Amino acid sequence: MEKSGFFNSSGGDRIYDAADFASYFGKLVSNGIFYAAATNLRVTAGSGMAVSVLAGSAWINGCAYENTDALSLTLATADGVNPRIDRVVVRWSAVNREIRLAVLTGTAAASPAAPALTRSDNVYELALAEITVPQGAVSVSAQNIVDTRLSTALCGTVNSLITAVYE
């Protein structure tokens, strides 16, 4: 099947939906955060077991995300015996038709590991930060937050996928 676009409709012969635009833009722009400012979607310690995700924007699978104000996310209660590592992610969901911030709660263990990211046809996650939650913790400490926004394997920055060819 041949497809082309985008042209004005004449009598309803040109109907496009979000999937058409996401497919188009997904070929031009890579997944990641926009890094116009160093604070873009940075995760900081909040009050108690909360973290704050600063304002910023991201791009996942041809879809845009924007957080206009600092947003607070609460981590689960710390384990009394073992530490764990949680992740703060930006999650694209085809099923829910949205992009939202979320916390992936790790498993408490003597040597904890960060929870795996989901990257499927229906869910795609970008890791903004990893937070070590010590056993018995009642608050999040800034030194326990590892910024993962610039890691190309976990998050990365938005790049143009268009390359110039010179002859």
Exercise. In this structure, is Glu130 crowded, with 17+ Cβ neighbours inside 10 Å, closer than 14 Å to Val51 by Cα and of a type outside the set (Ser, Thr, Tyr)?
Worked result: yes
Problem set entry | Residue match in region 48-62 (condition: out of contact with any Asp or Glu (no Cβ under 9 Å at 6 or more places or on another chain), outside any loop (DSSP other than H, G, I, E, B), at pLDDT below 95 and surrounded by 13 or more Cβ atoms within 10 Å (Cβ to Cβ)) | yes
Seminar exercise, completed: Among residues of region 63-111 being in a loop (DSSP other than H, G, I, E, B), over 19 Å from Glu125 (Cβ atoms) and hydroxyl-bearing (Ser, Thr, Tyr), the residue nearest to the chain's Cα centre (by Cα) is Thr68
Exercise. Restricting attention to region 98-116, which residues are within 19 Å of Asn67 (Cβ to Cβ) and either touching a residue at least 60 places away in the same chain (Cβ under 8 Å) or of a type in the set (A, V, I, L, M) (or both)?
Worked result: Ile99, Leu101, Ala102, Val103, Leu104
Exercise. Is it the case that region 135-146 has a residue that's farther than 19 Å from Gly48 by Cβ, surrounded by 11 or more Cβ atoms within 10 Å (Cβ to Cβ), of a type outside the set (S, T, N, Q) and modelled with pLDDT of 95 or more?
Worked result: yes
Problem set entry | Pick from region 106-122, criterion surrounded by 15 or more Cβ atoms within 10 Å (Cβ to Cβ) and out of contact with any Pro (no Cβ under 6 Å at 6 or more places or on another chain), ranking: nearest to Gly56 (Cα to Cα) | Leu117
Problem set entry | Any hit, region 129-149, residues being touching a strand residue (DSSP E or B) at 6+ places or on another chain (Cβ under 8 Å) and farther than 28 Å from Asp79 by Cα | no
Exercise. Which residue, of Ala129, Ala164, is part of a strand (DSSP E or B) and either in contact with a Ser or Thr (Cβ under 8 Å, 6 or more places away or on another chain) or modelled with pLDDT under 95 (or both)?
Worked result: Ala129
For this session: Kindly list, by first and then second residue, each pair from a residue in region 56-81 that is over 18 Å from Val103 (Cα atoms) to a residue that is assigned to a loop (DSSP other than H, G, I, E, B) and not charged (D, E, K, R), limited to pairs with Cβ atoms under 6 Å and residues at least 6 apart or on different chains.
Result: Trp59/Val158; Thr68/Ala55; Gly80/Gly136; Val81/Gln135
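The values are calculated or read from the model by the stated rules, or taken from the named source; none is laboratory data. Because the structure is predicted, anything quoted here is derived from the model rather than measured. Backbone-built Cβ (ideal geometry, glycine too); neighbour counts: all protein chains shown.
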